[in-house]
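Every number here is computed from the coordinates shown, using simple stated rules; none is lab data. All of these numbers come straight from a predicted model, not from anything done at the bench. Here the Cβ positions follow ideal geometry from the backbone for every residue, glycine too, while neighbour counts run over all protein chains shown.
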Amino acid sequence: MSSDPGLVATVTAAVAGADGDHRRLLQSIVEVARAIFAAQASSIFMFVPERGELLFEAVAGAGQESLVGRAFPADRGIAGWVLASGEPMIIDDLSGSPAFAHDLAESTGYVPGVIMAVPLVHDEHVGGVLEVLDPAPQARSAISELDLLSLFAVQAALALRIAQRGRSAGAALESHGADYGELISVVRAFEDLGAERRSAGLRLIGSLRDLIA
């Protein structure tokens with residue numbers, strides 16, 4: 001059975017489109033977070049474990065035009081501390097914080113004085129960090145700042161997780177498109193089978209899924 005390049009291309013395009021949707025969602029989250037706190041900047045970092053890096057995934061405010069796609073070591077800075085600990089953090093004076101990586105901040109072109117950071121947790125997995133830099137004092141309400149920021153973090157974590165899965169699928173399609181084409185062709189062939197044979201085929205695929213899960 002030959003693979004279906006057109007079908008693989010269609011699936012690949014769908015994955016790319018989904019990735020674009022999640023990027024827009026993440027961007028809207030940092031923009032709203034920045035507006036709510038009247039902050040100078042807000043950003044979302046994605047953890048890339050195979051590289052040991054935190055990647056700027058979305059930025060609003062200072063650095064918006066230049067930082068998306070840039071990475072730094074995941075074991076440094078406030079974002080690195082939050083990633084490793086899984087705990088939120090507010091620091092009102094970064095000049096005295098040993099966790100603050102001043103050199104990394106300088107390399108971005110903006111050195112904040114105040115930072116709020118929360119982990120992006122989904123299924124007990126920390127996949128990134130949401131930060132707000134230099135929020136305006138008058139915008140800090142009676143509601144706990146971290147509780148408020150955590151509301152954004154829940155949405156960001158889900159979007160980030162879906163985006164990560166989409167990229168993994170896209171990479172697999174790019175590297176093994178023919179293999180995926182064969183699999184999709186087999187599944188589509190089930191549509192032409194009788195109910196009993198189709199059910200048996202789907203049970204077989206279920207057994208294969210359990211084997212490799």
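Rank by packing, highest mean first: peptides 34-40, 117-123, with packing defined as the count of other Cβ atoms within 10 Å averaged across residues.
Working: 34-40: 18.9, 117-123: 21.0.
Result, highest mean Cβ count within 10 Å first: 117-123, 34-40.
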With no solvent term and unit scatterers on the alpha-carbon positions of region 20-171, Debye gives log₁₀ I(q)/I(0) at q = 0.13, 0.15, 0.18 Å⁻¹ of -0.51, -0.69, -1.03
For region 89-105, Karplus-derived ³J(HN,Hα) couplings (6.51, -1.76, 1.60; θ = phi - 60°; whole Hz; x for glycine and proline) come out as 8, 10, 10, 8, 9, 5, 4, x, 9, x, 7, 6, 8, 4, 5, 5, 4
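Highest mean first, what order results for 48-54, 147-153, 85-91 on Cβ atoms within 10 Å? Before the final figure, lay out each step's value.
Working: 48-54: 13.3, 147-153: 18.0, 85-91: 15.6.
Descending packing order for the listed peptides: 147-153, 85-91, 48-54.
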